[in-house]
1. Extending each Cα 7 Å along its Cβ direction at residue 537 and residue 36, get the distance between those two points in nm, one decimal.
2. In nm, to one decimal, how far is the residue 322 label point from the residue 306 one, both placed 7 Å along Cα→Cβ?
3. May I ask for the percentage of alpha-carbon pairs in the range 237-293 that lie more than 15 Å from each other?
4. Using a probe radius of 1.4 Å on heavy atoms only, what accessible surface per residue do you get for the range 56-100? Whole Å² is fine.
5. Measure off 7 Å from each Cα along the Cα-to-Cβ vector at residue 169 and residue 16, then give the distance between these two points in nanometres to one decimal.
6. Of the accessible area of the range 35-160, with the probe set at 1.4 angstrom, what percent is carbon plus sulfur?
7. Roughly how large, in nm² to one decimal, is the mean projection of the convex hull of the alpha-carbon atoms in the range 89-128?
8. Taking every alpha carbon pair in the range 2-141, what does the distance histogram look like in 10 angstrom bins from 0, in percent?
Amino acid sequence: MALNKSMHPRNRYKDKPPDFGYLASKYPDFQQHVHTSLAGRPVVNFKEPEAVRALTCTLLKEDFGLTIEIPLERLIPTVPLRLNYIHWVEDLIDGQKQPRRGIDIGTGASCIYPLLGATMNGWYFLATEVDDICFDYATKNVEQNNLSDLIKVVKVPQKTLLMDALKEETEIVYDFCMCNPPFFANQLEAKGVNSRNSRRPPPSSVNTGGVTEIMAEGGELEFVKRIIHDSLQLKTRLRWYSCMLGKKCSLAPLKEELRKQGVPKVTHTEFYQGRTMRWALAWSFYDDVIVPSPPSKKRKLEKTKKPLSFTLPEAGLKELQAKASALGCTASSPVDSISALLEKTLTDLRVLHKHVPCMKQEQSLFLTAVENTWIHGRQKRREGSRQLRELPRAPHCSQTSSFQTTMVTAVPATNPASQNQSTQSSNAPNQTASAEELAGLQQPEEQIGNGASSNEMSKEQKESSVSVEDVDMDSSTSTEAVQETVPKEEPAAASEMPSKQPPSPAAVEPFLFKCLLNVMLEESDVVIEMHWVEGQSKDLMNQLCTYLKNTLLKSIASP
Ligand code: SAH
């Protein structure tokens with residue numbers, strides 16, 4: 001299946017990928033980047049930023065009559081993806097061909113969303129930018145296309161996303177805002193995450209980019225959370241707030257954040273183009289907006305996406321805190337103490353876990369379970385062969401076991417085989433999680449292509465592990481044109497990291513499942529939530545959740 005088929009129905013490239021031969025014959029600047037493949041087809045090398053830039057400029061000229069200039073050292077947009085997002089915004093505001101007012105947060109040097117929205121639909125845009133070079137180019141691109149009446153480019157300070165841009169215009173209600181967060185534009189895309197085909201081996205940089213490094217640069221999650229928080233102040237000043245996401249699993253925590261904040265209307269979508277896939281989230285404080293349904297396959301999954309959770313009542317927290325301090329935990333808040341107790345249990349269970357950044361007064365752990373250590377004795381026998389058949393133990397690989405030895409501090413007495421590892425000390429909980437962990441999902445081709453899992457998993461298991469984004473990554477079509485690109489220097493810099501970093505839980509393959517565990521205060525109780533990320537069966541997470549709950553409640557009952 002060519003991915004074009006999944007583009008937005010109105011995307012002009014959906015059934016008609018760009019004709020490189022024709023474009024080359026018409027545009028000499030583009031022609032120099034077009035080569036002939038062994039099969040005799042005109043092809044473009046998308047690893048060359050110059051070639052991608054030439055294609056973007058050529059498509060904007062040919063199909064939209066736009067003339068733009070973009071420096072190689074800034075993000076070079078690809079047209080089909082940007083069109084997918086524009087068409088989704090049309091769906092949100094029901095605004096095709098109507099004068100509407102939008103904001104593009106971080107418009108980039110190209111100013112592509114405003115240029116497309118103004119040209120296609122006559123939309124007005126406030127385009128914001130923090131970067132001087134981008135601001136200058138964007139201003140020039142608007143002027144040279146005579147679109148200054150529709151598009152206003154403004155320079156904004158880094159610290160806020162919408163507040164500063166809107167401070168002077170207190171009267172106007174905007175129909176929407178859109179945003180392509182800088183994080184994955186400059187970091188993950190630079191590493192080629194999400195844009196590989198199945199025939200290429202995983203990149204060496206896959207485990208680089210510690211969370212702190214990325215967060216320091218305003219990671220995707222943080223960036224969008226900041227937009228959410230601005231929106232909580234601005235509320236009905238905009239009818240729709242929206243944001244593109246580079247990673248599928250940014251969706252769950254962001255939707256959760258919107259839920260927690262009581263935002264009434266929330267939806268999301270998927271953008272397919274070429275070999276890349278993106279997600280987008282939108283929310284509104286208006287009751288009368290039309291909310292486009294999320295993609296249908298997803299909706300079924302959404303129902304099961306609710307986190308598992310349990311509450312530790314205020315009355316029992318003192319005992320748990322005392323237990324945590326008896327174990328050497330110096331934390332004063334109940335959330336931190338309970339997080340410490342959970343970490344101890346997880347360590348005992350040999351469930352790999354790492355802290356990930358989260359809101360203040362919360363604790364968030366990224367869990368990777370590689371073997372089922374929480375079903376014991378009688379229950380295990382009862383579950384018997386059915387359990388084993390349905391929930392196979394992840395087969396060990398050298399990577400797994402070498403990591404385990406650095407992770408394990410204590411092991412349950414029920415598993416003498418691993419006792420000898422118990423003397424190794426663990427610093428794992430203090431490590432930061434990698435970008436891919438925060439992102440949550442490995443690329444489909446990595447999951448499928450993993451040798452061990454291919455050998456060990458049954459056909460059914462393999463099939464069930466293929467998520468909805470597991471689509472044919474056929475790179476032989478000219479839809480390669482839509483792969484994002486950034487300058488060569490950035491990936492090089494990014495890939496210096498991996499060899500110096502310890503292996504991370506996301507690198508442990510195969511695994512039973514991965515999830516995000518959040519510990520937070522609600523009123524005076526402590527709530528523990530487990531969000532599914534990926535794996536063989538959600539039943540496993542359910543079991544682990546029950547185990548953790550029982551362990552904590554047992555401590556309250558018998559300190
Ligand atoms: N919208 C363009 C560019 C996306 S890259 C496109 O889709 O191709 C993200 C852009 O956001 C960068 O140009 C970066 O300089 C800008 N940016 C980063 N922080 C910002 C902030 N707080 N406000 C506005 N723009 C910001």
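The values are calculated or read from the model by the stated rules, or taken from the named source; none is laboratory data. All figures in this text were calculated on a predicted structure; none of them were measured in a lab. Positions of Cβ are generated from backbone atoms using ideal geometry, with glycine treated the same way; all protein chains shown enter the neighbour counts. Keep in mind that these areas ignore ligands, DNA and RNA; they rest on the heavy atoms of the full protein, side chains included. Shrake-Rupley method; radii C 1.70, N 1.55, O 1.52, S 1.80 Å.
1. 5.7
2. 3.6
3. So the portion of pairs separated by more than 15 Å is 48 percent.
4. 31
5. 3.3
6. 50
7. Mean projected area for the range 89-128: 2.4 nm², to one decimal.
8. 11, 38, 36, 13, 2
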